[in-house]
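The values are calculated or read from the model by the stated rules, or taken from the named source; none is laboratory data. Only a predicted model underlies this, so the values are computations on that prediction, with no experimental measurement involved. Here the Cβ positions follow ideal geometry from the backbone for every residue, glycine too, while neighbour counts run over all protein chains shown.
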Amino acid sequence: MPLLYDDLVCRDAVELASDYLEGALSWRRRRSYERHLRGCPHCRAHLAQVRSIVTELGRAEPGQLTDDARADLMDVSRRYREERSGDAEP
Ligand SMILES: [Zn+2]
């Protein structure tokens, strides 16, 4: 796995995905996240999944995610982490 990111590991990136799509990240976190995405196809795939959930629910506005949507997203993130566990992480 390329180590192009400075302060983010996949674990962090997964947790930032929904906030990123909601526009809830500070510019600094957003920039770190985007930098991580560029070097990490796995997190790009995860973001695509999260985005499809958000889009499906028509809740792409910041702060508009329902509890159900959040639960779905957490589920995706949890599964993602489980799938990725065992892989080399920094
Ligand atoms: Zn990653």
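Data overview
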{"item": "Flag if TYR80 is of a type in the set (Phe, Trp, Tyr), modelled with pLDDT of 85 or more, within 15 Å of the ligand (Cβ to nearest atom) and assigned to a helix (DSSP H, G or I)", "result": "no"}
{"item": "Residue among LEU65, LEU8, LEU37, LEU25 that is surrounded by 16 or more Cβ atoms within 10 Å (Cβ to Cβ), assigned to a loop (DSSP other than H, G, I, E, B), hydrophobic (A, V, I, L, M, F, W, C) and modelled with pLDDT of 90 or more", "result": "LEU25"}
